[in-house]
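What follows is a set of notes on a single structure, which appears directly below.
The values are calculated or read from the model by the stated rules, or taken from the named source; none is laboratory data. As the structure is a computational prediction, the values presented were derived from the model and not from experiment. Every residue, glycine among them, receives a Cβ derived from its backbone with ideal geometry; neighbour counts consider all protein chains shown. Heads up: the accessible areas ignore ligands, DNA and RNA and are worked out on the full protein's heavy atoms, side chains in. Shrake-Rupley method; radii C 1.70, N 1.55, O 1.52, S 1.80 Å.
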Amino acid sequence: IMENPAIGGWLRWSEDGTEVQFNSWPMMIGALAAQGMAATKKESVNKNFHDYGFKRLTDSRRRIPDEDGVIWFAFEHANFKRGRPDLLRNIKRRYQRWRPT
């Protein structure tokens, strides 16, 4: 998703390439759904980011506005860096879903 030029201006890397930032939850949910993720609510996406070890850097108290006043939401992960696709294999789900036996 991050490297897709068709995404537009709602998704970006931080200047140093260590954070993923986006300004639209509906666009993020739609983009993730197009990749096969079933989450349809902001809370579900937040949980999935957390389950895969991403740290949320922003919330309702900590915001990143740009010069135009647009609010950006930000997440980081030690193995999710711009220009480092080799690190992606290290991102694993921390919690396994419960499955009945």
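Calculated from the structure, Kirkwood radius over Cα pairs in Å equals which of [x] 14.6; [y] 20.9; [z] 19.1?
Looking at Kirkwood radius over Cα pairs in Å for this model, the match is [x].
Express the carbon and sulfur contribution to the solvent-accessible surface of the chain as a percent, rounded to the nearest whole number, probe 1.4 angstrom.
52 percent
Find the accessible area per residue for the chain; the probe is 1.4 Å, ligands and nucleic acids are left out, and the unit is Å².
70 Å²
With label points built 7 Å along Cα→Cβ from the Cα atoms of K42 and R82, find their separation and express it in nm.
2.5 nm
With a 1.4 Å probe and all protein chains kept in place, how much accessible area does H77 have, in Å² rounded to the nearest 10?
The value for H77 is about 20 Å².
Among L57, L87, L11, which one shows the biggest mean-square fluctuation in a GNM of the chain, springs joining Cα atoms closer than 10 Å?
L87
Which longest run of the chain has no exposed loop site in it, a site being GluC sites (Glu not before Pro) in a DSSP loop with at most 13 other beta carbons within 10 Å, and the site itself not part of the run?
It works out to 16-66.
I'd like the orientation of helix 25-34 relative to the chain: the angle between its Cα long axis and the longest Cα principal axis, in ° from 0 to 90, rounded to 10.
Here the helix axis deviates by roughly 50 degrees.
Considering the chain as a Gaussian network with a 10 Å cut-off on Cα pairs, which listed residue, R12, R56, R84, attains the greatest mean-square fluctuation?
Sorting by GNM fluctuation, first place goes to R84.
Ordering D51, D66 from largest to smallest accessible area (1.4 angstrom probe), what's the sequence?
From most exposed to least exposed: D66, D51.
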